[in-house]
Amino acid sequence: MKRLIDKKYLVLIIVFIVLPFLVPSSYVRNLLVLAGIFALLALSTDLVLGYIGQLTLGQSAFFGVGAYASAIIAKELGIPFWISIIGAIVIAGVLGYFIGFISLRLRGGYFAITTLAFAQIMKLIANNWIELTRGPMGYTKIPSPSIFGLEIKSEIPYYFLTFIFVVLIIIIIKRLIDSPTGRAYLAIREQEDLARAVGIDVFRHKVQAFVISAMIAGLAGGLYAHYFRFISPDLLGIQYTSMALMMVFVGGRGSIPGVLIGAGIYTVLPETLRMAGTLRMSIFGVILLLCIMFMPGGIYRSIAGWIKRKSKKNGNIVQQTTVS
Amino acid sequence: MMDYGAAIGQQLINGVVLGLCYALLAFGLNLIVGILGIMSFAQGEFYMLGGVFTFAFMQYLGLGYVTSILASILIVAFIGALAERFLIKPLAEKDMEITLLGTFAISIILMNLLEYIFGNTPQKIFTPFKTLYNIGPLVINQQRLVIIIAGILLVLLFNFMLKNTKFGISVRATSQNKVAANLVGINVAKTYTLTFGMGCFLAAIAGALMGPLSAVYPSMGQNIGLKGFVVIVLGGMGSLPGAVYGGIILGVIESLGAAFISSEWKDLIGYGAMILILLFKPQGLFGRKGAGV
């Protein structure tokens, strides 16, 4: 059984290694890099949304702060990407601790509007602290990462850089969720008062998940900054938060494959919806609305459930990894 | 010294005008929060629809300002009622956070749909109320005067309606006890739909009235939707007079802050105040203890 699962992952990893060489244009390869970065953002959002069950509307703050932090450290201090990205993760984590410590005292809708207010405040700072961020015109000429003197600049090398981080983060999240801490998260999501009654320190666990989530979002922001080499305060805008929410809810909250599928769909759909122009975001909104109305578990669970029912009907016994 | 006083007076007038618009929007939001128990993230978009529709009716149909306002607010109220009936109601039967996310999705859809139709260039609404009045050293234009009068009248009207009409009584009964209201023969579902439509109606009036003073464009509702929450947190969730006081306080603080501290950082005051109040005085500045949603 264990070997079977390993084989499945191996196949997936090989598919993703070969993928960028199979796609026809640099535009699509570009989309693949983007999908990886957004997958990180979606995974970070899901940690708060899917595992401790809090509706956060402030994820763009950590994404944007991570982007600015890594860009500014790398450019102004001339420090290589590998250290500046750690700086971004740490700074996003500290900010996450601060915001989480305040907003996680509030529940439900109050938590949501507080995180949104914090994101707006961060955007305000990015727009107006001109000496540091260069304001609304954006921050340009961010250095590319390099390894052994080779610049990681074009799509394929950057794809692999992102891919490594995505795999790393998936492993970290998976281990976290399977650990006693992860089970405490789920207990908090399902029954907060009951979790408290059995001795789980609810607030501490919530803050912890929030900080880890902020750090992953900061990493995603840093990767974004060094890939596009241009960032603007728009990165802290609500559209990135809504994008992450769509990926999580459409794919399936509280499930890693679900969120990854959500990120994939979100990044591939623009290509098919290209003629629609600005109508695209409206279509995404409709998809989000339909998903929460008719598929509250997300696409992944619906498909997995459908396959399961189908195989049962045929009388086959198919190994199925459990979906929590 | 006189100049300084006049400048403060001028900003106070502007602040009250802005504040009354916040108050109308927040009054509507508070109806929705208090009666349906839903935090609507789409309120800013209904404000935007009021402004953009008014502009569109004037620009493309050649209607007058007042006629355009009346037409657009009725349409917005209708859209709001439809949204409640067909989108929010089925979600509200599931759970609160899903509903919240649903209103968020509605706001994304409306904003981007309008941007697709009208583009995102800020447009100016030309108001016929252009006369300037001098009160001592202060100047007030007719549009601001119209906002002050309309704002006060609307608040009084809605207050009267909620207190004295049959519909108002059924709204208040539903907010106090849904099951009991249902038992005494009040159509709860209909009350919800009408209340949501009314909330959107108030937001749309605010958007249409503010249009000539600032520009109208599809993403104008983004910040104001959150401001609505700032106002009702200041005034107390579910407290209708609180929404009016909170709106005027926020408007005045922002105007004074923009004039004397910095116009770039003025939004910080409102958001910061909201977070602090939520933490330390969650019933709001005017709310009773234990009140709220």
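A short reminder: the numbers here are calculations on the coordinates, not readings from a lab. None of the values given here were measured: they were computed from a predicted structure. Ideal geometry is used to build each Cβ from the backbone, glycine not excepted, and the neighbour counts take in all protein chains shown.
Karplus-derived 3J(HN,Hα) values for the range A:282-296, using 6.51 cos²θ - 1.76 cosθ + 1.60 with θ = phi - 60°, are 5, 4, 4, x, 5, 4, 4, 4, 4, 4, 6, 7, 10, 10, x Hz; glycine and proline are entered as x. Considering only alpha-carbon pairs that sit under 8 angstrom and 6 or more positions apart, the relative contact order computed for chain A is 29 percent. Among the listed pairs A:K206/B:K281; A:K8/A:K308; A:K75/A:K141, those whose Cα-Cα separation exceeds 20 Å are A:K206/B:K281. Remark on B:V139: its backbone amide H falls under 5 Å from none of the residues 5 or more positions apart or on other chains, H modelled at 1.01 Å from N.
Between the alpha-carbon centers of the range A:1-63 and the range B:188-267, tell me the distance in whole angstrom. Using only Cα atoms, the two centres lie 39 Å from each other. Backbone phi angles across the range A:237-252, fed through the Karplus curve with coefficients 6.51, -1.76 and 1.60 (θ = phi - 60°), yield HN-Hα couplings of x, 5, 5, 6, 5, 5, 4, 4, 4, 4, 4, 5, 6, 5, x, x Hz in residue order; Gly and Pro are listed as x. Tell me, what is the FRET efficiency for A:R196 and B:V188 to the nearest 0.05, using R0 = 35 angstrom and their Cβ-Cβ distance as r? It comes to 0.55. What you get for the protein assembly as shown, charging only the Cβ of Lys and Arg (+1) and of Asp and Glu (-1), is a dipole of about 1600 debye around the Cα centre. For the range A:198-227, the residues whose amide N sits under 20 Å from a probe point set 7 Å from the Cα of A:S154 along the beta carbon direction are A:226-227. Close amide H pairs (under 5 Å, H built 1.01 Å from N) link A:L57 with A:T115, A:L116, residues at least 5 positions away or on another chain. Lysine pairs in the range B:24-280 whose alpha-carbon atoms fall under 26 angstrom of each other, counting only those eight or more residues apart or on distinct chains, come to 15. Applying the Karplus relation 6.51 cos²θ - 1.76 cosθ + 1.60 with θ = phi - 60° to the range A:56-71 yields 3J(HN,Hα) values of 9, 10, x, 5, 4, 4, 6, 4, x, 5, x, 4, 5, 4, 5, 4 Hz, where x marks Gly and Pro. Note: relative contact order over the range A:45-159, using C-alpha pairs below 8 Å and six or more positions apart, is 29 percent.
For A:I14 and A:V94, a Förster radius of 45 Å and the Cβ-Cβ distance give a FRET efficiency of 0.75, rounded to the nearest 0.05. Which FRET efficiency, nearest 0.05, do A:K310 and B:F86 yield, Cβ-Cβ r, R0 35 Å? My answer for the efficiency is 0.65. Sorting A:H205, A:H226 from the fewest to the most surrounding beta carbons within 10 angstrom yields A:H205, A:H226.
Based on the alpha-carbon set only, what is the convex hull volume of the range B:24-280 divided per residue, in Å³? Write out the running numbers ahead of the final one.
Working: hull volume 35.5 nm³, N = 257.
With only Cα atoms used, the range B:24-280 gives 138 Å³ per residue.
Highest GNM mean-square fluctuation among A:D201, A:D234, A:D46, for chain A modelled with Cα contacts below 10 Å: A:D201.
Quick one: which of A:151-161, B:28-38, A:92-102 comes out on top by average Cβ neighbours within 10 Å, and what's the full order, highest first?
On the way: A:151-161: 17.3, B:28-38: 25.6, A:92-102: 21.0.
Top of the packing list down: B:28-38, A:92-102, A:151-161.
Taking only the Cα atoms of the protein assembly as shown, the radius of gyration and Dmax are 25.5, 90 Å. Put +1 on the Cβ of every Lys and Arg and -1 on every Asp and Glu Cβ in chain A; which of A:S26, A:A39, A:V11 then has its Cα farthest towards the positive end of the dipole? My answer, from the dipole projection, is A:V11. As a proxy for reagent exposure, ranking B:T67, A:T114 by other Cβ atoms within 10 Å from fewest up yields B:T67, A:T114. Could you tell me whether the range B:101-169 comes out rounded, prolate or oblate from its Cα gyration tensor? Rule is a ≥ b ≥ c as square roots of the eigenvalues, rounded for a/c under 1.5, then prolate if a/b exceeds b/c, otherwise oblate. Oblate shape, in that a/c is at least 1.5 and b/c is the bigger or equal ratio. Taking every residue in B:32-43 and counting other chain Cβ atoms within 10 Å of its Cβ, the average works out to 1. The ellipsoid equivalent to the alpha-carbon distribution of chain A has semi-axes of 30, 26, 20 angstrom, derived from the gyration tensor eigenvalues as √(5λ) and listed largest first.
How big is the charge dipole of chain B about its Cα centre, in debye rounded to the nearest 20, if each Lys and Arg gets +1 on its Cβ and each Asp and Glu gets -1 on its Cβ?
On the way: 16 positive and 10 negative charges, 161 e Å.
For this selection, approximately 780 debye.
Extending 7 Å from the Cα toward the beta-carbon at both A:V286 and B:L74 defines two label points whose distance is 2.8 nm.
The H on the amide N of B:F286, modeled in the peptide plane, is under 5 Å from the matching H of B:G236, each at least 5 residues off or on a different chain. Across chain B, the relative contact order, built from alpha-carbon pairs under 8 Å that are at least six residues apart, equals 37 percent.
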